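Okay, so here's the structure we're looking at.
The values are calculated or read from the model by the stated rules, or taken from the named source; none is laboratory data. Just so it is clear, the model here is predicted, and its values are computed rather than measured. Cβ placement follows ideal geometry from the backbone for every residue including glycine, while neighbour counts extend to all protein chains displayed.
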């Protein structure tokens, strides 16, 4: 693996892809940058770098448990010895600073401030403060992963609208069920390193019930943009269809109650969020170009 690939792996590129699609969805929903796709891409890149900075700090701090867990010890560059801890820290700092400077100079204080707050929240509140101390770690920590639409909207508008906050809330409420599906599948690994994920502290039944609750909550929340008239029926129909599919898959996998089913649901949840924000973006394009 090349040095570039090792540093890229520090950013958790699969997570970055979701952050970018949520940011682009928000930019498309706002609509004013359709005439400047280059600027839209630069904002998305800056948000990706901020998220990558937070993820790299997370791997720097968690390198001790990453070196023990099967899921990470042969995949992440720090436990594999491909990158030294000080190099990871410098890399995380540099890309975080560069993204912040760009957002501040090009798009103003608010976008830069939300970006910095996101990095600090994920690093200090989630990774250091909550992850090894509380079973609701991912519920609270999920706020960091949901900030893409807020940064994007702040960059373009100089404020954060109710629409952007609803997009944030969708991701925030999606995160626990998404991550707990993985936690159910690798419960033993979290137990081995004493990370108090919900399945470890409260058992699988409680976790399955919470997953169902959070997935159910996505239906009314995801319909709010259509209810308030911010989107067309295209988004409304797409959001409903995606939720029905996701809820059905959740019901089946929770009933199956197997590691294989939990992992499949973990990936289903990724596809759900990806396609939901793709629909947000398509709906924004439809409204911008007056196609309906």
Item to check | Unmet requirement for residue 179, which otherwise passes all of (1) surrounded by fewer than 24 Cβ atoms within 10 Å (Cβ to Cβ); (2) farther than 26 Å from residue 71 by Cα | outcome: (2)
Next on the checklist: Suppose the filter is within 21 Å of the chain's Cα centre (by Cα), modelled with pLDDT of 95 or more and under 27 Å from residue 274 (Cα atoms); does residue 16 pass it?
Outcome noted: yes
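Is one or more of the residues making up segment 47-55 assigned to a helix (DSSP H, G or I) and under 25 Å from residue 230 (Cα atoms)?
yes
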Checklist entry - Can you tell me which residues in segment 182-207 are surrounded by fewer than 18 Cβ atoms within 10 Å (Cβ to Cβ), part of a helix (DSSP H, G or I) and either at positive phi or touching a residue at least 60 places away in the same chain (Cβ under 8 Å) (or both)? => result 192, 201, 202, 203
Checklist outcome for this item: Scanning segment 57-71 for residues that are at pLDDT 95 or above and touching a helix residue (DSSP H, G or I) at 6+ places or on another chain (Cβ under 9 Å) gives 57, 58, 59, 60, 61, 62, 63, 65, 66, 67, 68, 69
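Okay, residues lined up against (1) buried (at least 20 other Cβ atoms within 10 Å of the Cβ); (2) under 18 Å from residue 173 (Cα atoms); (3) in contact (Cβ under 8 Å) with a residue 40 or more places away in the chain:
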position: 209; (1), (2), (3): no, yes, no
position: 216; (1), (2), (3): no, yes, no
position: 232; (1), (2), (3): no, no, yes
position: 237; (1), (2), (3): no, no, no
Item to check | Residue within segment 128-137 that is closer than 29 Å to residue 246 by Cβ, surrounded by fewer than 19 Cβ atoms within 10 Å (Cβ to Cβ) and free of Cβ contacts under 8 Å to residues at least 12 places away in the same chain present | outcome: yes
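Each row is one residue, and each column tells you yes or no for (1) in a helix (DSSP H, G or I); (2) surrounded by fewer than 21 Cβ atoms within 10 Å (Cβ to Cβ); (3) under 22 Å from the mean Cα position of the chain (by Cα).
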position: 38; (1), (2), (3): yes, yes, no
position: 43; (1), (2), (3): yes, no, yes
position: 75; (1), (2), (3): no, yes, yes
position: 82; (1), (2), (3): no, yes, no
position: 97; (1), (2), (3): yes, yes, yes
position: 105; (1), (2), (3): yes, yes, no
position: 110; (1), (2), (3): yes, yes, yes
position: 113; (1), (2), (3): yes, yes, yes
Item to check | Counted residues, segment 239-259 - those being assigned to a helix (DSSP H, G or I), in contact (Cβ under 8 Å) with a residue 40 or more places away in the chain and surrounded by fewer than 19 Cβ atoms within 10 Å (Cβ to Cβ) | outcome: 1
Checklist outcome for this item: In segment 218-230, anything assigned to a helix (DSSP H, G or I) and buried (at least 16 other Cβ atoms within 10 Å of the Cβ) is listed as 218, 221, 222, 223, 224, 225, 226
